[in-house]
1. Within 20 Å of TYR249 (Cα to Cα) and assigned to a strand (DSSP E or B): does that describe ALA140?
2. Hey, can you tell me all the residues within the range 85-120 that are more than 15 Å from LEU139 (Cα to Cα), among the charged types (D, E, K, R) and touching a helix residue (DSSP H, G or I) at 6+ places or on another chain (Cβ under 9 Å)?
3. Within the range 90-111, take every residue that is closer than 16 Å to VAL71 by Cβ and more than 20 Å from the chain's Cα centre (by Cα) and give me the one that is surrounded by the most Cβ atoms within 10 Å (Cβ to Cβ).
4. Give me the pairs: first residue in the range 134-160 and in contact (Cβ under 8 Å) with a residue 24 or more places away in the chain and over 19 Å from GLY77 (Cβ atoms), second residue among the basic types (Lys, Arg) and crowded, with 22+ Cβ neighbours inside 10 Å, beta-carbon distance under 8 Å, and six or more apart or on different chains, which are they?
5. Within the set of pairs 6+ apart or on separate chains, which have a first residue in the range 93-104 that is over 23 Å from ALA162 (Cα atoms), a second that is surrounded by fewer than 21 Cβ atoms within 10 Å (Cβ to Cβ) and not aliphatic (A, V, I, L, M), and C-beta atoms under 6 Å apart?
6. Tell me which of these THR69 doesn't satisfy, since it passes every other one: (1) free of Cβ contacts under 8 Å to residues at least 60 places away in the same chain; (2) over 16 Å from the mean Cα position of the chain (by Cα).
7. I need the full set of residues from the range 203-230 which are small (Gly, Ala, Ser) and either free of Cβ contacts under 8 Å to residues at least 60 places away in the same chain or over 17 Å from LEU11 (Cβ atoms) (or both), in order please.
8. Which one of these does LEU114 not meet: (1) under 20 Å from the mean Cα position of the chain (by Cα); (2) in a loop (DSSP other than H, G, I, E, B)?
Amino acid sequence: MNLSDLVDRALPPAAWAEGDNIPWDDPPFSERMLAWHLRQDSDAASRPSEKIDAQVRWLHEALLDGERTRVLDLACGPGLYTSRLARLGHECHGIDFAPAAVAHARGEAEREGLACSYELADVRNAAFGGRAAGEGFGLAMMISGQLNVFRRRQAAQMLRRAFQTLVPGGRLLLEPQRLATVVDGGNAGPSWYSAPEALFSSRPHLCLVENFWDGEARVSTQRYLIVDAATAEVTRYAVSNEAYSDEEYESLVSAAGFEDVRLLPSLIGVEDESQSVNLAITARKPEA
């Protein structure tokens, strides 16, 4: 893509027309993203360690009543939650699209002898079974707002498959984006920055960001235009997010077969101003 293509870009873009997501599966990109996941001075990718500790403590003590189980973590990233859950006695299987994140998670599990396995795969078509297929999980989770980046039919399919892989009475934990988060993001307007290196490029570049809200489709799209400082070559990325009301979330989860659907303010069960862009949803697979 060159500068003339930038000028002639579609305004607004159609949702998902310029790619399903930013390139998590690209090895160089995933290496740069991993560095952001591990940073303690920013929560742009992952939360600081003390916040994750508090969320895992709530998950273990309040959601699972302190009982050890098998955990399926969808879009697990570098294993920041699964590794902590394994230290508490859970057996975990994580699935993620990013090679650097999966390599990091596997390395940590091997070094510490943790009961964790990791699969490099797209959660839209992964088997959800892991190394112990057929045994079933006591908890399936997808956090950090990841549910919204999938089209509604894809999200519904993943929830049905998660339901199938759970044992009777097994739990579901989601942390999707609030309705206002998606809507406000789509209405945020354009912005830009320059950097010697950053998430989208290891070279000096200019990053132009555009945000769009499609009220009819109820989808926000964020477009990134990366202009290389030396060559003026333009690389384009985009990510779209589905917007759901609280009632739509309840309907989505219930339609997958779950009962006892509860919407909570955060991953610690109560209001958390530092994590206000998302909410938490818990549900249970019927016992019989």
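The values are calculated or read from the model by the stated rules, or taken from the named source; none is laboratory data. Just so we're clear, the structure is a prediction, and the values are computed from it rather than from any experiment. We place every Cβ from the backbone using ideal geometry, glycine too, and count neighbours over all the protein chains shown.
1. It is true that ALA140 is within 20 Å of TYR249 (Cα to Cα) and assigned to a strand (DSSP E or B).
2. Listed by number, the residues that qualify are ARG87, ASP96, GLU108, GLU112, GLU119.
3. Checking each candidate, the answer is HIS90.
4. GLY138/ARG171
5. ALA100/GLU31
6. (1)
7. GLY215, SER220, ALA229, ALA230
8. Result: LEU114 fails condition (1) only.
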